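In what follows, a structure is listed as structure tokens, so that the remarks can point back to it.
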């Protein structure tokens, strides 16, 4: 499929650059949607059961997708257990489609920057296709994630400084070597993969979308994917409405919260290291999704994160601290009135706490 810049309107071929000449990210052009009501889906196909909605063909898969949707009465909600994936985070949704696209393009080496989860997902799927991978990570990233990345045979580049410094170093390497930038923030194929979270939620609820969908929010990889997935289903006539998209950010590094006129917090929430993104690449798209769905974003403190992290573990959900921002935000959205008592809500739990 062709690529298009939603900001300036420039169009590129499917093997075009990783970003537009104007500096903004590219997306796949609109594709025809399925006609009629959904037919029975084969869960054996994983998220590729939704191939009609995906702009790439399956070239690599580890059976990812169809994570459980379970009742969580203590929170009066449902949890989408998107940490139950081959590499223990939702990032496998985007990795299977991104590396499949790389295979289609004949790529032999990919580069990515990540605080851990996306990097592990990309190198794992690259390893399955014998594609070389190089991952740029913060020097202080969690050792368990870094060891897992190195075990795949990928090259690991530890970068001192901020998360933005890591991205800058990676981009410089991409431009110098002309390697394929398999970025979870930039590559449109990654967002095509994360859109399947909405499709699964709708299918698991017998094609009834929830009133609200809550997720941690950094680069917006799952947040925007969910919006695109629900929107595609509505356009296809498979669901009647799109839920409110509600994001949880880390206090002190909450640019989306600040952009919607809320308090971003002053004290940095280092417990939620997975969403400490100061300059989201697709900020305008995130804000557009919030506006289109009547959504919102809120900053969560370290104390709130740690308290919810413990609460989740005691209820049997062994997730990483970043996930706990979503359940902490759930309560705050209810107190604010963004979520009404009668609203039907799904919360995404996005990364396993068992990686160390």
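The values are calculated or read from the model by the stated rules, or taken from the named source; none is laboratory data. These numbers were taken from a predicted model, which means no experiment stands behind them. Positions of Cβ are generated from backbone atoms using ideal geometry, with glycine treated the same way; all protein chains shown enter the neighbour counts.
Would you check if residue 16 is surrounded by 18 or more Cβ atoms within 10 Å (Cβ to Cβ) and within 27 Å of residue 177 (Cβ to Cβ)? The answer is no for residue 16. Among the residues of region 36-47, not a single one is touching a strand residue (DSSP E or B) at 6+ places or on another chain (Cβ under 9 Å) and not assigned by TED's automatic domain parsing to the domain that holds residue 218.
For region 167-180, the criterion of a residue being at pLDDT 95 or above, in contact with a helix residue (DSSP H, G or I) (Cβ under 8 Å, 6 or more places away or on another chain) and closer than 25 Å to residue 59 by Cβ is satisfied by at least one position. Scanning region 243-276 for residues that are in a loop (DSSP other than H, G, I, E, B) and either surrounded by 24 or more Cβ atoms within 10 Å (Cβ to Cβ) or not assigned by TED's automatic domain parsing to the domain that holds residue 296 (or both) returns 243, 251, 254, 269. Reported count of residues in region 4-46, each being more than 30 Å from residue 84 (Cα to Cα) and either in a loop (DSSP other than H, G, I, E, B) or touching a helix residue (DSSP H, G or I) at 6+ places or on another chain (Cβ under 8 Å) (or both), is 21.
Residues in region 111-137 that are in contact (Cβ under 8 Å) with a residue 40 or more places away in the chain and within 24 Å of residue 252 (Cβ to Cβ): 113, 114, 115, 116, 117, 118. In this structure, residue 119 does not satisfy being within 26 Å of residue 3 (Cα to Cα), assigned by TED's automatic domain parsing to the domain that holds residue 285 and touching a helix residue (DSSP H, G or I) at 6+ places or on another chain (Cβ under 6 Å). If you check 326, 348 for being in contact with a strand residue (DSSP E or B) (Cβ under 8 Å, 6 or more places away or on another chain) and within 20 Å of residue 267 (Cα to Cα), only one passes: 326.
Among residues of region 122-144 being part of a helix (DSSP H, G or I) and surrounded by fewer than 24 Cβ atoms within 10 Å (Cβ to Cβ), the one that is modelled with the lowest pLDDT is 144. Output yes when any residue across region 219-226 is crowded, with 24+ Cβ neighbours inside 10 Å and more than 17 Å from the chain's Cα centre (by Cα), and no when none is. Among the residues of region 219-226, not one is crowded, with 24+ Cβ neighbours inside 10 Å and more than 17 Å from the chain's Cα centre (by Cα), which makes the answer no.
Number of residues in region 311-323 that are surrounded by 19 or more Cβ atoms within 10 Å (Cβ to Cβ) and in contact with a strand residue (DSSP E or B) (Cβ under 8 Å, 6 or more places away or on another chain) equals 6. Among the residues making up region 52-63, a single one is assigned to a helix (DSSP H, G or I) and either more than 20 Å from the chain's Cα centre (by Cα) or assigned by TED's automatic domain parsing to the domain that holds residue 204 (or both): 52.
The residue list 209, 169 contains one member that is in a loop (DSSP other than H, G, I, E, B) and surrounded by fewer than 23 Cβ atoms within 10 Å (Cβ to Cβ), which is 209. Is it fair to say residue 76 is out of contact with any helix residue (DSSP H, G or I) (no Cβ under 6 Å at 6 or more places or on another chain) and free of Cβ contacts under 8 Å to residues at least 40 places away in the same chain? No; evaluated as a whole, the condition is false for this residue.
Checked across region 83-91, the condition of being at pLDDT 95 or above and surrounded by fewer than 19 Cβ atoms within 10 Å (Cβ to Cβ) holds for at least one residue.
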